[in-house]
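These notes are about the structure you will find just below.
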């Protein structure tokens, strides 16, 4: 029996699933103060707990898109929401750190919902409206992290067990709703086509193209950074600005947790909510034919979108260095203001990427999305570790910008350099060698 | 088919217009949350 749905209805469903998944994903970070206190964790242990939220993302996300193509997004979403909901409930029981760590590790795989939802939305909207649709989906869903940091400590105080239990139940309810009213694609033909292109050979071919690698690194320094900061920032503000918070009057552990969570959410809210706006700016770049960077490709129709992506990379790097200086100054207001602008620039990066990726890889959008959205989350694992391991807690942001982001930008320049036709098939080995049906070049770069 | 296409196009434009409004609503929420976070935290009300 065929189910019917509307594109706006399916978009709301996908965004709702993503929102709940994101709240669950980062609920551990929202209660980092309570967990630190209960189990007596040190700064380095907090960094490990924060980064563990990302450990399983690269592997799971890579295949989540393929699974969504194979069985349809509603079934894939129902499965993801069910098992993460069950483990969230399980994490609320038990009283030792190992149990909590392992169950929360599984709950954190809720982040794979991003790829499932992207695939779901892609199956319902056409090319002309894809940018805005994906922007609204991802922008609304991503705000779950900020919402969790802002609201969970207010609702539950230090009682993280109740929060985990209730979120688990909510995920189970949503799994049923998703399964009942979710429709895999706008028509049967589109759903069948998605099933056909989800092959291992296609995946291997796409992930070895220089363009996909450059875009993956760009997404690692924007979305990877966003999720890394989501996990890291509540603990950072609690530790780095403890004196300032106490001077204002936040002396109890619970008050500190709420205050730190409130300022940490600034990054997440800005990085999430400005994301659709970035797609709009990408359209303006295209319309005005803006190509400000002389060393990047200039004369193809899609060149302005590439320039917008690179502009965002530069902006993120600058703001990371400024966040270090703001932290070193000890000025909480300045730090939060810089953090808000950093979130703003991160949104430029994430939004601009998915204005470009589906166009460059229009033959295999699911596979490309799974790779770019999946492997890039490794950034979310590495950054909190760097932030926690450098001797001065403020220096980590500039360290990551200089040692990682600048090389990423150089790779991006090489992949999309001036004076060269954008060759999406350039990479390790030819399409014949991989045995795929044909080159990606058939794609219209418009 | 053409007629169907035209109706579809009109629907798309309507949806897109509301999408644009949604963009600016989200941007407003982001700004409001930033101001709220700064004021509530610095005034001591956040805890």
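Throughout, read-outs are computed from the coordinates displayed, never taken from laboratory work. All values derive from a computational prediction rather than experimental measurement. Backbone-built Cβ (ideal geometry, glycine too); neighbour counts: all protein chains shown.
Laid out as a table, the results:
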{"item": "Relative exposure of A:395, A:338, judged by other C-beta atoms within 10 Å (fewest first)", "result": "A:395, A:338"}
{"item": "Segment residue A:200-residue A:181, length gained on full extension (0.36 nm per residue, minus Cα span)", "result": "3.8 nm"}
{"item": "Estimated D of region A:312-357 in µm² per second, where Rh is the Kirkwood radius over Cα pairs and Stokes-Einstein applies at 37 °C, 0.692 mPa s", "result": "301 µm²/s"}
{"item": "Label point distance in nm, residue B:22-residue A:325, each placed 7 Å from Cα along Cα→Cβ", "result": "3.9 nm"}
{"item": "Peptide A:270-279 - average C-beta neighbours from other chains (10 Å radius)", "result": "5"}
{"item": "Ellipticity estimate at 222 nm from DSSP helix runs (n ≥ 4, -39,500 (n - 2.57)) divided over chain A, nearest 500", "result": "-24000 deg cm²/dmol"}
{"item": "Measure of compaction for region A:75-177 (Cα Rg per 2.2 N^0.38 Å)", "result": "1.21"}
{"item": "Taking A:38, A:254 and counting other C-beta atoms within 10 Å, the order from fewest to most", "result": "A:38, A:254"}
{"item": "In nm, spacing of pseudo-spin labels at residue A:406 and residue A:6 (7 Å Cα→C-beta vector)", "result": "5.3 nm"}
{"item": "Peptide A:137-150 - average C-beta neighbours from other chains (10 Å radius)", "result": "1"}
{"item": "Point-to-point label distance, residue A:418-residue A:44, nm (Cα→Cβ direction, 7 Å offset)", "result": "4.7 nm"}
{"item": "Base-10 log of normalised Debye intensity for chain A (one unit scatterer per alpha-carbon) at q = 0.14 Å⁻¹", "result": "-1.28"}
{"item": "Between 0 and 90°, nearest 10: helix A:275-288 axis offset from chain A longest Cα axis", "result": "40 degrees"}
{"item": "Alpha-carbon Rg with Dmax, taken over region A:165-219, Å", "result": "17.4, 44"}
{"item": "Selected from A:378, A:107, A:86 as most flexible by GNM, with chain A as the system and alpha-carbon contacts under 10 Å", "result": "A:86"}
{"item": "Residue A:96-residue A:299 FRET efficiency (beta carbon distance; Förster radius 60 Å; 0.05 resolution)", "result": "0.45"}
